[in-house]
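Beneath this line is the structure, given in structure tokens, with notes to follow.
Readers should treat all values here as calculations from the given coordinates under stated rules, not as data from a laboratory. Since this is a predicted model, take the numbers as computed values, not measurements. Quick reminder, even Gly has a Cβ in these numbers, built from the backbone with ideal geometry, and neighbours come from all protein chains shown.
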Amino acid sequence: MIVSFDLDDTLLVDPTKVAIEKPLRFPYSLIYKERLRLGTIELLLKIRENGIKLWVYTTSFRSERYIKSLFKHYGIIIDEVVNGERHQKEVQRNKTEPVPSKYPSKYRIDLHVDDDASVAQNGKLYGFKVYLLKSDDFAWITNIWNEINKIKINHI
């Protein structure tokens, strides 16, 4: 099973709007200035501990190395990263018509977590499962874990 997460406003949040994890220790806090949504570490470690592959799927052009390294400093291993560059190369390719900004089914991702309603709408149109994370979803960890379990049951 593969679960992917968007970065901006999903896992990486504005600390003036959303509760956050403790920042990394110096000097890493100077390199990685983004802040993780509170509960991210708990959820991602739980996903890894249950043998589920963990991906990041973002439209940002942060490098794969940067993204994997950021999470590694929090003790989380990311299996794969689809960033804006990889998406352009592997999904959009030479197509003249636009494709969705994210297309998780191309990578056999079972569940994608995102804060963007247009991604959730594209999931319905193009047949991929999206958990839409809203800023006021205080039970997001439990809700996402329940979605993962529903998908696992359907795969058996």
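For E64, the shell of other residues with beta-carbons less than 10 Å away shows a net charge of +2, using +1 for Lys and Arg and -1 for Asp and Glu. The distance separating the Cα centre of region 49-97 from that of region 1-33 comes to 15 Å. For Rg and Dmax of the Cα atoms in Å, computed directly from the structure shown, the correct entry in [x] 15.2, 46; [y] 16.2, 53; [z] 20.1, 65 is [x].
The string of couplings for region 37-53 from the Karplus curve (6.51, -1.76, 1.60, θ = phi - 60°) is 4, 4, x, 4, 4, 4, 5, 5, 5, 4, 4, 4, 5, 9, x, 8, 6 Hz, one whole number per residue in order, with x for Gly and Pro. Report summary: the helix-based calculation at 222 nm, which adds -39500 (n - 2.57) for every DSSP H run with n ≥ 4 and divides by the residues of the chain, gives -9500 deg cm²/dmol. By the scheme Lys and Arg +1, Asp and Glu -1, what is the net charge of all other residues having a beta-carbon under 13 Å from that of H112? Local charge sum for H112: -1. For every other residue with a beta carbon closer than 13 angstrom to the beta carbon of K129, add +1 if it is Lys or Arg and -1 if Asp or Glu, then tell me the sum. For residues surrounding K129, the net value is +2. For H112, H73, the sequence from fewest to most other C-beta atoms within 10 Å is H73, H112.
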